[in-house]
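Notes to accompany the following structure.
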Amino acid sequence: MSKIRVLVADDDSTNLALLVRVLSRAGMETVAAEDGSEALAHLRKAPESFDVVLMDLVMPRMNGFQVLKRMKANAQLKDLPVILQTASSAPEDIQRGMEAGAYYYLTKPFTQRVVLGIVRTAAQDIARIRVLHAEVERLGTPLSMMMTGRFRFRTLLECHELTNLLAKACPDPARIVTGLSELLVNALEHGNLGITYKEKGDLLERNGWKAEIVRRQALPENQDKWVEVEVTRHPDRIAFEVRDQGKGFDWQTYVKPNPTRLFDNHGRGIFMAKMDSFDRLEYLGDGNHVRAEVKLS
């Protein structure tokens, strides 16, 4: 497995050196920048060479929000995870950042454990996104003429295969595939298999999430549980409806910024799907039914 490569930007030389040292000792490769302008220059020069950007929010010449805005406008940089360091935990500041595309935060002062945890989480997220993009690129356009379709899946492997297939029915598969994956995996893991929020966090921390999914899939009580997906092509949009057989969840706290979860190793995927992948996303009833739409023009 290749080393995680992190671009670290901070105008405070002491803090910059500390972060570089912590990440380097953990086996990661680092590139340092003393302000946002220098960070953006590194990114534009080698857009595909970084896995994570860790930068201070307040910097001279170009602050974190300004760098983020330029990254989101660049097709090669828009999916790269950005971790913003900030001394403020004010909900309005964090909400502004999340709506701009900063889904990871590091509040000063921070511990080594927290730094490494959030960087590894962001690196895992971009690795998953890159795999999804590569897989969807290998497919043709098998569903481009489909008007309606009904599908169901029971396992994680089937979930991944269906995600890629359905994304290719959309005009911008790379944009859709990550959000669609989030909705379908969420229906399987939390809905049908009953993995709680805390359990997932613990599983991810000890790298046991996938093994637990496979274990629960094989349990007798889960053999007849399916996630159902309906797809409808309208003249102006494509609509996805996903239903699982779980008890539902408190979805209202996941479709908007939630500062209490920003420092967890998961829990931001639904909001990211809403902001980055779909033109409309809504949960219905208890949360075991979600509708997402993509505009065709």
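The values are calculated or read from the model by the stated rules, or taken from the named source; none is laboratory data. What you are looking at is a predicted structure, and each value in this text was computed from that prediction instead of being measured. Cβ atoms come from the backbone with ideal geometry, glycine included; neighbour counts cover every protein chain shown.
Please specify each residue of segment 7-21 satisfying the condition of being among the charged types (D, E, K, R) and either surrounded by 13 or more Cβ atoms within 10 Å (Cβ to Cβ) or in contact with a Ser or Thr (Cβ under 8 Å, 6 or more places away or on another chain) (or both).
From segment 7-21, those among the charged types (D, E, K, R) are 10-12, 21; that's our starting set.
Correct list: Asp10, Asp11, Asp12.
Answer yes if at least one residue in segment 68-88 is in contact with a Leu (Cβ under 7 Å, 6 or more places away or on another chain), closer than 30 Å to Ala174 by Cβ and in a loop (DSSP other than H, G, I, E, B), and no otherwise. Scanning segment 68-88 turns up at least one residue that is in contact with a Leu (Cβ under 7 Å, 6 or more places away or on another chain), closer than 30 Å to Ala174 by Cβ and in a loop (DSSP other than H, G, I, E, B). Within segment 154-205, the set of residues being among the charged types (D, E, K, R) and not in a helix (DSSP H, G or I) comprises Arg154, Lys168, Asp172.
In segment 254-271, how many residues are part of a helix (DSSP H, G or I) and within 18 Å of Glu189 (Cα to Cα)? Walk me through it before giving the result.
Here is the first cut: in segment 254-271, the residues part of a helix (DSSP H, G or I) are 259-261, 269-271.
Within this subset, residues satisfying the condition of being within 18 Å of Glu189 (Cα to Cα) are 269-271.
Looking only at that region, the number is 3.
Scanning segment 202-233 for residues that are in contact (Cβ under 8 Å) with a residue 40 or more places away in the chain, over 12 Å from Arg154 (Cα atoms) and either touching a Cys at 6+ places or on another chain (Cβ under 6 Å) or basic (Lys, Arg) (or both) turns up Lys210, Arg233.
Every residue in segment 89-110 that is in a loop (DSSP other than H, G, I, E, B), small (Gly, Ala, Ser) and buried (at least 17 other Cβ atoms within 10 Å of the Cβ), please.
Going through segment 89-110, the residues in a loop (DSSP other than H, G, I, E, B) turn out to be 89-90, 101-103, 108-110.
When the remaining residues are screened for being small (Gly, Ala, Ser), the result is 89-90, 101-102.
Residues satisfying the conditions are Gly101, Ala102.
Total residues in segment 238-297 satisfying the condition of being within 24 Å of Val119 (Cα to Cα) and of a type in the set (D, E, K, R): the figure is 6. Considering segment 61-86, the residues that are over 26 Å from His133 (Cβ atoms) and touching a strand residue (DSSP E or B) at 6+ places or on another chain (Cβ under 7 Å) include one that is surrounded by the fewest Cβ atoms within 10 Å (Cβ to Cβ), namely Thr86.
Remark: Ala273 falls outside the filter, which requires a residue to be modelled with pLDDT of 95 or more and closer than 17 Å to Leu180 by Cα.
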